[in-house]
Amino acid sequence: MANLIVRRLLQLIPLLLGISFIVFISLHLAPGDPASMIGGPTATKEDLASIREDLGLNDSLFTQYLRYIGGVLQGDLGYSYQTQQSVTEAIMIRFPNTFNLSVASIIVATVIGVGAGIISAIKQNTSLDVLSTVGALAGISIPNFWLGSMLILLFAVYWQWFPVAGITSPPWTMQGIKELALPAITLGTGSAALIARMTRSAVLEVIRQDYIRTARAKGVREKNVILLHCMRNAMIPVITVIGLNFGFLLGGTIITEQVFAINGVGRLLIQAIAARDYTMVQGAVLLIATLFVLVNLLVDILYALVDPRIRYE
Amino acid sequence: MAMDTAVSTGGVPVEAPSPEQPKRLASTWKRVIKNRLALVGLIIIGMQVIMAVFAPLITTYDPAVLDLSVKELPPGSKGHWLGTDEYGRDMWSRIVYGARISLVMGISSVALGLIGGVALGLLAGYYRWLDGLLMRVVDLMFAFPGILLAMLIIAMLGTSLVNVVIAISIWSIPSCARIVRGSVLSLKNREFVMALRSIGASDIRIMLKHILPNCTAPIIVFGTMRMATAILSTSALSFLGLGAQPPTPEWGAMIAAGRDFMWTSPHMTVIPGIAIMLVVFAFNVLGDGLRDALDPNMETR
């Protein structure tokens with residue numbers, strides 16, 4: 001087990017370096033001169049030259065990349081070209097909102113997805129199953145920025161059960177939960193659909209196996225057969241899907257934050273793209289991609305813990 | 001891992017070449033039609049194609065012409081059965097022309113993505129020495145969750161519909177490459193490939209004329225599913241202001257504009273959303289149906 005973890009961690013190093021290089025190089029190639037962005041329209045040629053010298057833009061590309069990586073490793077993502085604000089600081093202020101939103105959505109997605117999947121499997125080919133299957137397809141197809149708008153219209157404007165937008169309270173307070181509810185449903189719906197599909201097919205596969213028949217034959221109650229005997233094995237692929245979806249939800253927060261005007265990393269990224277604030281874009285993309293890779297690594301390790309067969313491959 | 005192999009061919013086993021291609025095509029078609037959900041998908045897609053092709057014939061108003069005397073009319077109004085938007089533009093015209101944009105965006109970004117993905121997948125699957133390098137590049141692209149890679153590309157190129165096509169097609173390449181590579185790996189050591197090699201057929205010829213035709217099933221399924229993703233992403237990026245700019249009648253951009261009028265004229269937000277959902281749903285169920293139909297093991301199950 002320790003062997004596997006060490007091997008996976010080592011594989012992570014080139015991947016993270018690759019991510020940082022892609023992020024660095026793609027925005028380096030983007031049009032526009034950082035010096036004139038910082039200097040503004042009134043800057044003279046000498047000003048621009050000195051800004052360029054300060055930023056180290058005259059060094060070779062490789063030196064610039066090494067300096068960037070050196071900074072990143074020390075937690076320094078550079079300074080915004082537009083506002084001169086520290087990128088690390090700007091991201092850290094907003095990160096808790098993004099994180100809370102992802103966690104809340106994965107909870108919503110898991111509860112709805114696993115629930116619907118189990119019901120759909122044990123009531124296979126009934127109208128409940130059809131309803132859940134079509135519901136899952138609709139969940140995958142619905143544009144979540146639209147779903148969010150509709151939820152606001154119904155539950156925040158018409159019935160006024162939830163606030164319209166923004167997150168101002170911590171998630172453990174009643175107000176905080178209310179603020180997170182609609183965004184979490186919006187973001188979690190797509191993942192709920194994928195989890196439901198996976199749960200359904202996993203349960204259907206396990207439920208036909210001999211040991212389930214044995215359990216039923218020896219008189220175990222149906223509820224216990226499903227929850228204790230069947231779910232234990234069916235959950236293995238489901239856990240993987242949940243883990244992978246958590247990573248995707250981190251990326252998905254970008255759109256949901258925009259819909260609900262939540263001050264998170266995703267919203268920061270969109271504002272930075274619109275303002276051509278490249279250091280900010282670099283920082284936000286680097287953070288989201290790194291977290292995504294780390295979450296996937298964690299899922300891999302958990303998978304090996306839950307299923308001993310994986311370890312020997 | 002067992003899951004990897006399932007993903008790599010899109011769940012469709014690769015078959016040896018058969019002389020009965022037309023017959024197989026007909027039976028695949030029959031199986032797709034028999035699947036009721038897939039049939040629904042096919043009908044919706046058919047309607048979208050008709051709307052896109054005959055847009056000027058089935059609308060009476062120009063989608064971009066402003067008429068403030070009829071602004072924010074609700075659906076069911078005289079002359080504007082789907083109502084009008086904040087500038088008095090006809091919603092039906094905008095939806096119809098939006099169908100055209102979404103179809104063109106979907107087809108062009110999926111086609112470009114398929115070309116790139118198939119080329120990478122063929123090379124990686126066929127040449128062992130290239131495989132390691134190309135698959136590391138693919139892994140790297142997979143490290144960006146969902147729409148993030150597309151956003152990074154747009155941040156670099158600037159906001160426009162053309163750049164959205166480029167972004168979405170690049171984002172499609174890694175998954176397509178993996179699927180094709182998986183098929184090629186299982187095909188390249190088969191007897192018919194060895195036979196071709198022994199009679200001196202060139203690598204290019206073997207790849208394009210003999211291996212590629214045998215990977216079409218997973219590619220078709222992937223392409224169909226990817227249409228759904230591409231259309232959804234186009235509208236999402238436009239909604240965020242990173243794609244189509246007003247007054248382009250793009251569905252996602254229409255939803256973004258309509259949000260400011262959601263309390264007074266909800267139809268401006270509701271209608272384009274339903275349009276996106278129907279089309280994305282259609283490509284998803286058709287993709288599902290095609291996958292089942294192209295899987296020869298399905299009948300025995």
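The values are calculated or read from the model by the stated rules, or taken from the named source; none is laboratory data. In this text, all values refer to a predicted model and were calculated from it rather than measured experimentally. Quick reminder, even Gly has a Cβ in these numbers, built from the backbone with ideal geometry, and neighbours come from all protein chains shown. Surface accessibility is based on the protein's heavy atoms, side chains included, excluding ligands, DNA and RNA. Shrake-Rupley method; radii C 1.70, N 1.55, O 1.52, S 1.80 Å.
Add -39500 (n - 2.57) for each DSSP H run of 4 or more in chain A, then divide by its residues: what number comes out at 222 nm, to the nearest 500 deg cm²/dmol? All intermediate terms of the calculation are to be shown ahead of the outcome.
Working: 13 runs with 231 residues, N = 313.
After summing the helix terms and dividing by residue count, I get -25000 deg cm²/dmol.
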In whole Å, what are the extents of the protein assembly as shown along the principal axes defined by its C-alpha atoms, from largest to smallest? 77, 66, 59
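With a 1.4 Å probe, how much accessible area is buried between chains A and B, both sides summed, in Å² to the nearest hundred?
Details: alone 17220 and 15490 Å², together 28950 Å².
Buried area between the two chains comes out at roughly 3800 Å².
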Going highest first, how would you order A:243-250, A:219-226, A:116-123 by mean Cβ packing within 10 Å? A:243-250, A:116-123, A:219-226
Among all the lysines, which ones have a C-alpha under 24 Å from residue A:223's C-alpha, if same-chain residues fewer than 8 places away are not counted? A:123
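Subtracting the Cα-Cα distance from 0.36 nm times the residue separation, let me have the gained length for residue A:160 to residue A:201 in nm, one decimal.
The residue A:160-residue A:201 span can extend by a further 10.9 nm.
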Ignoring ligands, DNA and RNA, what percent of the accessible area of the stretch A:7-127 is carbon or sulfur (1.4 Å)? 64
How many nm is it between the label spots at residue A:123 and residue A:57, if each spot is 7 Å from the Cα in line with the beta carbon? 6.3
Those residues of the stretch B:117-163 for which accessible area with every protein chain present is at least 40 Å² below the isolated value (1.4 Å probe): B:140, B:143, B:144, B:145, B:148, B:151, B:152, B:155, B:156
The stretch B:176-240 and the stretch B:21-53: distance between their alpha carbon centers, rounded to Å: 22
Counting only heavy atoms of the protein chains, get the accessible area per residue of chain B (1.4 Å probe) and round it to a whole Å² value. 45
Two-site label geometry, residue A:224 and residue A:175: point separation in nm, points 7 Å out along Cα→Cβ: 4.8
No solvent, one uniform scatterer per C-alpha: report log10 I(q)/I(0) for the stretch B:29-95 via the Debye equation at q = 0.13, 0.28 1/Å, two decimals. -0.49, -1.10
May I ask you to find the residues of the stretch B:258-281 that are shielded by at least 50 Å² of accessible area once the whole protein assembly is considered instead of their isolated chain (probe 1.4 Å)? B:259, B:262, B:263, B:277, B:281
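In chain B, carbon and sulfur make up what percent of the accessible area (probe 1.4 Å)? Please report the intermediate quantities before stating the final value.
On the way: 9210 of 13560 Å².
On chain B, the fraction of accessible area on carbon and sulfur atoms equals 68 percent.
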Computed from every Cα-Cα pair in chain B, P(r) in 10 Å bins starting at 0 and rounded to whole percents is 6, 24, 28, 22, 13, 6, 1, 0
Two decimals is fine: what is log10 I(q)/I(0) at q = 0.07 Å⁻¹ for chain A, from a Debye sum with one equal scatterer on every Cα and no solvent? -0.39
3J(HN,Hα) from dihedral phi, the stretch A:160-175, Karplus parametrisation 6.51/-1.76/1.60, rounded to Hz, x for glycine, proline: 6, 7, 10, x, 5, 7, x, 10, 10, 10, x, x, 8, 8, 4, 4
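Working from the alpha-carbon coordinates of the stretch A:95-263, get Rg over Rh, Rh being the Kirkwood radius.
Working: Rg = 18.0 Å, Rh = 17.0 Å.
Reported Rg/Rh (Cα atoms, Kirkwood Rh): 1.06.
Please report the orientation-averaged projected area of the stretch B:118-254, defined via the convex hull of its C-alpha atoms, in nm².
On the way: hull surface 36.5 nm².
Averaged projected hull area, Cα only: 9.1 nm².
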Separation between the residue A:89 and residue B:115 pseudo-spin-labels, each 7 Å from Cα along Cα→Cβ, expressed in nm? 4.8
